[in-house]
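Structure, as structure tokens:
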Number of protein chains: 2
Amino acid sequence: MENSKGHTILLVDDEPDILEFLSYNIRKEGYKVFTANNGEEGVKLTQQLSPSLILLDVMMPKMDGIETCQIIRKDLNITQPIIAFLTSRAEDYAQIAGFEAGADDYISKPIRPRLLLSKIESLLRRLDKSHGVVIDSDINSLKIDREKFLIEISGKQIILPKKEFELLELLASRPGKVFNREQILSIVWGNETIVGERTIDVHIRKLREKLGDEYIRTIKGVGYTFNEK
Amino acid sequence: MENSKGHTILLVDDEPDILEFLSYNIRKEGYKVFTANNGEEGVKLTQQLSPSLILLDVMMPKMDGIETCQIIRKDLNITQPIIAFLTSRAEDYAQIAGFEAGADDYISKPIRPRLLLSKIESLLRRLDKSHGVVIDSDINSLKIDREKFLIEISGKQIILPKKEFELLELLASRPGKVFNREQILSIVWGNETIVGERTIDVHIRKLREKLGDEYIRTIKGVGYTFNEK
DNA sequence: GTTTTCCATGATAAAATTATAAAAAAGGCT
DNA sequence: AGCCTTTTTTATAATTTTATCATGGAAAAC
């Protein structure tokens, strides 16, 4: 298994000097580094490389970082890579817009190599940890592999659509804990999106159809829970 | 001034801008707000302030939110404050680990002030209702698990409907204290709702059916109490 | 000892909540 | 464009929870 340093990092900035400075420092730590001079190139490379992390300059001519981020997240619907913005203090107004576009973090200029690297490590640590959920018990065994978007239930492998997968993953992450609808909505759907009252039910039903009824239990008036035993 | 707004809230985020944005909005509502720039500081302030609520950014350099949460909950064994994570949608892989670390809820970015405040209120309301009750004595042992919405009575686990659960939780929160009908109504049912005279009796009866008669005692003309021993 | 008040109980009605099916809408893919 | 999949909405059924009511009995007041 690749270690934490085996990740691919994509840098997008219109300043060649900054690109060089960053790539030198990051590459030194053992990461695979690729660079793009503008947003378009950044998008293209993202599709080709599927990097673990994208460092994106906010201020760029033509297509700025926020647009680029939006295209990657919303248009291409690529959620795997972590996207962090490079921004100078004066640009902090961009932060709110940035998060809405799907940014994970901000790194403000001037950039200190030490701090940058520790941020990169912390951002990537999450990725490494998140290889899946495994639940084992007497009656049911469930493996959730979020890299392959695949679950294995007592030997059978099932591919679930995104929403169903995320919903199951959430519930199974804490068997026994009751998640109420509000929590489910804000975590699986996000605070931005507004969906109707019965949407969760339908996804629960589809999960039950595919997994069997014994996994997810309804606590009426409260929420849903993944059965412990 | 000791209304529901008298609570202390601790914000932990490495981005000064976000800290300012959040603290401004929360402070405006009358809460006491403190801030920390990193996990270590967050832990330290938690020990000193014992805040009611901690809003913790997931992504932070060096020590991230999940580690911070873990230290507070597992190492220091501090269970009082409610811990909610601030996270962006794209970080959903982190959310799984978060609940295991002892998080109570997630608030996903982008954060809209209105929604944030209503979430804060609902989280604090939970605190007032006690986070979990354990009663141990010679005759009876009772565990009330709010997270799992489940009670355990001398080994047996029982799932109670919402109202019954809340009624039991109230009575058991202060064994020996006699709650009169007015108090019970205003806490379990809320001041707005008006229900008939005999409603409480019926719920008490159902609880006694499920738990046994020895737990809840009637004080005629006054109210009900949870038996101490 | 009788009256009065208050609560317990079971049956029943009402309300709230969720399940289900089917269709529409929104994306994806070739 | 056309076809397939996923997601959301809508409408209705089923279920569970909650509230009400009527009755009888026990305790308290007289």
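The values are calculated or read from the model by the stated rules, or taken from the named source; none is laboratory data. The shown structure was predicted, so the numbers you read here are calculated from the model rather than taken from an experiment. Reconstructed Cβ throughout: ideal geometry from the backbone, glycine too, with neighbour counts over all protein chains shown. Heavy atoms of the whole protein, side chains included, go into the accessibility calculation; ligands, DNA and RNA do not. Shrake-Rupley method; radii C 1.70, N 1.55, O 1.52, S 1.80 Å.
Points worth noting:
- Per-region count, the range A:186-196, residues within 12 Å of DNA strand C (Cβ to nearest atom) and among the aliphatic types (A, V, I, L, M): 1
- Residue list for the range A:218-229, restricted to those being touching a residue at least 40 places away in the same chain (Cβ under 8 Å) and at the interface with chain B (Cβ under 9 Å from one of its Cβ atoms): A:Ile219, A:Val222, A:Gly223, A:Thr225, A:Glu228
- Just one residue in the set B:Arg114, B:Arg27 is over 20 Å from the mean Cα position of the chain (by Cα) and modelled with pLDDT under 90; that residue is B:Arg114.
- Of all the criteria given as (1) away from chain A (no Cβ under 14 Å); (2) assigned to a loop (DSSP other than H, G, I, E, B); (3) touching an Asp or Glu at 6+ places or on another chain (Cβ under 8 Å), the one not satisfied by B:Pro51 is (3).
- All positions within the range A:15-47 that are open to solvent by 30 Å² or more (accessible area, probe 1.4 Å) and in a strand (DSSP E or B): A:Lys32, A:Phe34, A:Thr35
- In the range A:170-217, residue surrounded by the most Cβ atoms within 10 Å (Cβ to Cβ) [restricted to those that are within 12 Å of DNA strand D (Cβ to nearest atom) and in contact (Cβ under 8 Å) with a residue 40 or more places away in the chain]: A:Leu207
- Condition broken by A:Leu207, with the remaining ones in (1) part of a strand (DSSP E or B); (2) more than 8 Å from chain B (Cβ to nearest Cβ) satisfied: (1)
- Set side by side, the residues B:Thr225, B:Thr199 differ, and just one is more than 9 Å from DNA strand C (Cβ to nearest atom) and in contact with a strand residue (DSSP E or B) (Cβ under 6 Å, 6 or more places away or on another chain), which is B:Thr225.
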